[in-house]
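First up is the structure itself, then whatever we jot down about it.
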Amino acid sequence: MTFPLEFDAFAAAFLSLGLVFFLGLWFFYERREAILNQRRRHTTVFHCIKCDLIYTRSRRRETATCPRCGFTNSRLKF
Ligand SMILES: [Zn+2]
């Protein structure tokens, strides 16, 4: 006679663990996406007018030297 109660408790525990697992996954991927977006937003794109190279630098800045030829370029504006 105790089987239905134990089965209910097992099913409740199983469903709760599944719910916690998927909530954890959801939270993890949301945080990861937010961090990646923040990193992308703070990247500045440059185009070298001397050697035609397109490169990026972290942080927001107005000028950066080209890694190929050393020419100082101003950032691309869209
Ligand atoms: Zn260059």
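Each reported figure results from applying straightforward, stated rules to the coordinates on display, with no laboratory input. If you're wondering where the values come from, they're calculated on a predicted model, not measured in any experiment. Cβ atoms come from the backbone with ideal geometry, glycine included; neighbour counts cover every protein chain shown.
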Net charge of neighbours whose Cβ lies under 13 Å from the Cβ of Ala34, counting Lys and Arg as +1 and Asp and Glu as -1: +3
Please give me the summed charge of the neighbours of Cys69: other residues whose Cβ is under 15 Å from its Cβ, Lys and Arg +1, Asp and Glu -1. +1
If you bin the C-alpha pair distances of region 1-41 every 10 Å from 0, what whole percents do you get? 27, 26, 19, 15, 9, 3, 0
Normalised per residue, the volume of the convex hull around the Cα set of the chain (Å³): 105
Against the longest alpha carbon principal axis of the chain, how many degrees, from 0 to 90 and to the nearest 10, is the axis of helix 3-41 turned? 10
